[in-house]
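Here the structure is laid out as structure tokens; the discussion comes afterwards.
The values are calculated or read from the model by the stated rules, or taken from the named source; none is laboratory data. Keep in mind that this is a model prediction, so the values were computed, not measured. Here the Cβ positions follow ideal geometry from the backbone for every residue, glycine too, while neighbour counts run over all protein chains shown. When the accessible area is computed, the model is the full protein with side chains, heavy atoms only, and any ligands, DNA or RNA have been set aside. Shrake-Rupley method; radii C 1.70, N 1.55, O 1.52, S 1.80 Å.
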Amino acid sequence: MDKILRINVGSDGGPAAKTETHGDYDGLAGRALTSSIIGKEVPASCHPLSGENKLVIAPGMLSGTTGAMSGRISVGCKSPLTGGIKESNSGGQGAQVLARLGYAAIVLEGKPKAETLYKVFINKDGVKITEDNSLGMLGNYDLVEKMKAEYGDKVACISIGPAGEMKLSAASIAFTDMEMRPTRHAGRGGVGAVMGTKGVKVIVLDDAGMGMRQPKDPDKFKAANKKFVQGLRKHPVTGEGLPAYGTNVLTNVVNEAGGYPTKNFMWGRFDTCSKISGETVAALENERGGDGSATHGCHRGCVIRCSGTFYNKDGQFLTKQPEYETVWAHGGNCGIDDIDAIAMLDRLDDDYGVDTIEMGATIGVAMEAGVAEFGDAEAAINLVKEVGQGTPLGRILGNGADVTGKVFGVERIPTVKGQAMPAYDPRGVQGIGVTYATSTMGADHTAGYAVATNLLGVGGTVDPLSAEGQVELSRNLQIATAAIDSTGMCLFIAFAIMDQEETFQALIDMINAFYGLSLTADDVVELGKKVLRVERDFNARAGFTKEDDRLPDYFKNEELPPHNITFKVTDADMDQVFNF
Amino acid sequence: MRSVSLHIQKDFYTLFAQIFSKGVDLPMEDNRSIRDFLCLDIGIPDAYLDHRIQTVFMNGRPVDDVRAAMIGDGAVLALSAAMPGLVGATLRRGGHLAAMRKEITYENSTSSPPADAIRIRIKLFNLIAHELGPVFLNHGVQVSASDMVDVLTMFAKRFRQDCRSMELDGGEVSMENLVATLKTIDQIHLRVVEN
């Protein structure tokens, strides 16, 4: 994994591919690499849909190895949704296959001279770029079936649906899973629209003939990986809760805490959430049966297996097990408690290639505006279909909650830097509100994840029960998360490495054994800080100021039932988050 | 209140996940701490409470100290295992991220009026429902009749297959008749026995 593939789609005579070494980016992977390339090579003031923007797709440090949980892939660009830097990552097979092919990154550059669609095929022999306008406006599912017929079922696809082609700001990039279905998405920030501007409909990766990436010290790597897997399996979250119920296990708990945004963030509880909770959905999936029903991995090498497969009432595959954020966005946030309807919305989102969080939040805003009634599942499905069809209403909705709110005159728009908030009301858990407000990415629940700040020693120790600490914790978590995102490890390892020091050490040992390094926790922290500095610098050059690091006013003014609280962290405190 | 008894052959707890998510009602003799209620009254081992029940809510507020938090009449107690996600970690009992949710953290009331006969609602989530659900169902709980209808409808095939008998007020009843009756009442006393 020592080369970067650059494809200039604007070259005379059509797209031109060239391969170069890591160069200035040596040692970087995942988010560290995508953000570094964007920070250095993309003019911060450029239009996100212009030829000056670039799309960077980079696997993690350990992707393509036998290391467990190493299959996250990072996508970076200037975001059409936020106007700032964007890193959106995904599971699926893409990271493992791309890394085994030896690429640290694919960079799409320039702008095609004509309205042409391309498919890119990459295997051990090189890169082939073909014009194929027959792929135009295909949904991701039909597109992948077509690729399967052409290249077989052992390849991995990276693709956009109609939303990406229409350059909608909520457009995602799909990554195929182990069953070669386009169910995994780099969803946030409109990265699919940037791929659409490059005219690249699909990248097909074929790693036939390529072996696993080999560590510098195979014995140490194997031992560390074994210890790492043992740690994941014995922890109640990664070894039991996530496999049994998936991420949707959070529905009941967040609802009980009164922090479950309901009907466009008007309430903190959804009365009928038990109908769509992880426990109920897992029971239903087990009842309906089928391969990988309630417990399934999204890529090879996953030992947590937090995903699943959702079959409809007739036992036919509909979509992957909808994630917590999806169930919330299309469920409680829109007053919908029909899991089959929510699964259908997830399927449509994946097929058209749009971010489920952004779409659910957008429909919530549209429902508040009276475009449809809260709770009307059929209307919600029809609204998403409008997006896929590219009707005028669909194009408004497909540009996200901010645009939709402005068009329909809604005051309650739950966004930061133009990006919709995920499934946790910041008035309930105010520390996450600090992260929503200050993240370089816009409102993002994974920007300051529950990473082992206690073990990393980021920023010292914060008394868990003190009245203070929101800002310090958010800062520490954002630093640690930026570092983990750069390794390409699934963020769900966070719980095991937070609680089990030996599992955290096993992760460091894996990286060191693979690269022949002697990284310490301090080095990991420094990497996280470096990534954040690059991203903050880009955003500052793009015109962001501290005034953009704020939640919408209504969170400070409107009390959230049932606890009837407002967001209380002051602007002055918020401005201290990046004081490192 | 009408009573329903089910005799189920095997592995039935998941069928009742939705009911435990909404909560079941139980009588309690007196105000007492969460620890005393769970460990002394219900018989849950201390170690299970300390290590397995990582997330506790009283009236929708995360609890850090189960010894100090007193359960009073009408309280809603919710129990969960450790949860994923930043918010999941934040809601844990006394976790190092607890400061992030200090605005909603449960604070003990200094004066709970004494009571002779009180009722509480208990909600069991995820792994805890799996593990403690059978204990409560075997003991008997009060549940919403309409929730029971939902469960019988959603898992009709399983109930037909694995439920050896259904009783309404002590007399055997068919599933169709039970559902029809449940649709006419509000609450039932439910007992489920595995045999």
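Here's the picture: charge each Lys and Arg Cβ at +1 and each Asp and Glu Cβ at -1 in chain A, and of A:I357, A:G209, A:M498 the one pushed furthest to the positive end of that dipole is A:G209. When each full DSSP H helix of chain B is screened for a Cα extent of at least 18 Å along its own axis and an average Kyte-Doolittle hydropathy of at least -1.0, the helices passing are B:126-139. Dipole check for the stretch A:430-574: with +1 at the C-beta of Lys and Arg, -1 at the C-beta of Asp and Glu, and the Cα centre as origin, the magnitude is about 340 Debye. With 28 Å as the cut-off, how large is the P(r) tail for the stretch A:246-420, expressed as percent of Cα-Cα pairs? Tail fraction, whole percent: 20. For the stretch A:3-205, DSSP calls about 75 percent of its internal beta bridges antiparallel. Exceedance of the 22 Å cut-off in Cα-Cα distance is limited, within the set A:K128/A:K167; A:K40/A:K78; A:K86/A:K216; A:K78/A:K546; A:K167/A:K556, to A:K128/A:K167; A:K86/A:K216; A:K167/A:K556.
Of A:K546, A:K54, A:K3, the order by accessible heavy-atom surface (1.4 Å probe, DNA, RNA and ligands excluded), from most exposed downward, is A:K546, A:K3, A:K54. Mean silhouette area of the stretch A:430-574, derived from the convex hull of its C-alpha atoms and averaged over all directions, reads 9.8 nm².
Under 5 Å between amide hydrogens, which residues at least 5 positions from A:I565 or on another chain qualify, with H placed 1.01 Å from N in the peptide plane? For A:I565, whose amide H was placed from the backbone, the distant partners under 5 Å are A:L560. The value given for the stretch A:120-173 is a Kirkwood hydrodynamic radius of 12.2 Å, derived from the mean inverse Cα-Cα separation. Evaluating 6.51 cos²θ - 1.76 cosθ + 1.60 at θ = phi - 60° for every residue in the stretch A:372-380, the Karplus couplings come out as 8, 7, 4, x, 8, 5, 5, 5, 4 Hz, glycine and proline recorded as x. Overall shape of the protein assembly as shown was characterised from the C-alpha gyration tensor. The equivalent ellipsoid obtained from it has semi-axes of 43, 28, 26 Å, in decreasing order.
Each residue of the stretch A:400-410 is assigned a 3J(HN,Hα), and the resulting list reads x, 5, 5, 4, 4, x, 5, 4, 9, x, 9 Hz, derived from the Karplus form 6.51 cos²θ - 1.76 cosθ + 1.60 (θ = phi - 60°), x at Gly and Pro. Distance check, please: which entries in A:K113/A:K198; A:K275/B:K22; A:K54/A:K119; A:K111/A:K406; A:K275/A:K313 exceed 19 angstrom between their Cα atoms? Exceeds cut-off: A:K111/A:K406. For the stretch A:3-205, the C-alpha radius of gyration divided by 2.2 N^0.38 Å, with N the number of residues, is 0.90.
Take every DSSP beta bridge whose two residues both sit in the protein assembly as shown; close to 75 percent of them are antiparallel.
Taking all protein chains into account, the per residue accessible area for the protein assembly as shown stands at 34 Å² (1.4 Å probe).
With all protein chains in place and a 1.4 Å probe, the accessible surface of the protein assembly as shown carries 47 percent carbon and sulfur. Close amide H partners of B:D64, meaning residues 5 or more places away or on another chain with modelled amide H under 5 Å apart, are B:Y106. Contact residues in the stretch A:206-246 by the 20 Å² criterion (accessible area, 1.4 Å probe, full protein complex versus chain alone): A:P236, A:V237, A:E240, A:Y245. Using Cα centres only, tell me the gap between the stretch A:237-316 and the stretch B:117-176 in whole Å. Measuring centre to centre over Cα atoms gives 21 Å. Averaging 1/r over each pair of different alpha-carbon atoms in the stretch B:30-116 and inverting the result gives 13.3 Å, the Kirkwood hydrodynamic radius. Compared with its chain on its own, the stretch A:546-580 contains the following residues whose accessible area drops by 20 Å² or more in the full protein assembly (probe 1.4 Å; ligands, DNA and RNA excluded): A:H563, A:I565.
Taken across both chains, chains B and A shield about 4100 Å² of accessible surface from a 1.4 Å probe. Per-residue 3J(HN,Hα) values for the stretch A:272-280, derived from phi via the Karplus relation 6.51 cos²θ - 1.76 cosθ + 1.60 with θ = phi - 60°, read 10, 5, 4, 6, 10, 6, x, 5, 5 Hz in sequence order (x marks Gly and Pro). Rounded to the nearest 20 debye, the dipole magnitude of chain A is 1440 debye, with +1 charges on Lys and Arg beta carbons, -1 on Asp and Glu beta carbons, and the Cα centre as origin.
Along the charge dipole of the stretch A:246-420, Cβ charges K/R +1 and D/E -1, which of A:A257, A:L284, A:F374 sits furthest on the positive end? The residue sitting most towards the positive pole is A:A257. Placing +1 on each Lys and Arg Cβ and -1 on each Asp and Glu Cβ, with no other charges, gives the stretch A:3-205 a dipole about its Cα centre of roughly 260 debye.
Of the residues B:M70, B:G85, B:G95, the one whose Cα sits farthest toward the positive end of the charge dipole of the stretch B:30-116, with +1 on the Cβ of Lys and Arg and -1 on the Cβ of Asp and Glu, is B:G85.
Near A:A369, once Lys and Arg are set to +1 and Asp and Glu to -1 for all other residues with Cβ below 15 Å from its Cβ, the sum equals -3.
How big is the gap, in Å, between the Cα center of the stretch B:42-88 and the Cα center of the stretch A:180-225? Here the two parts' Cα centres lie 41 Å apart.
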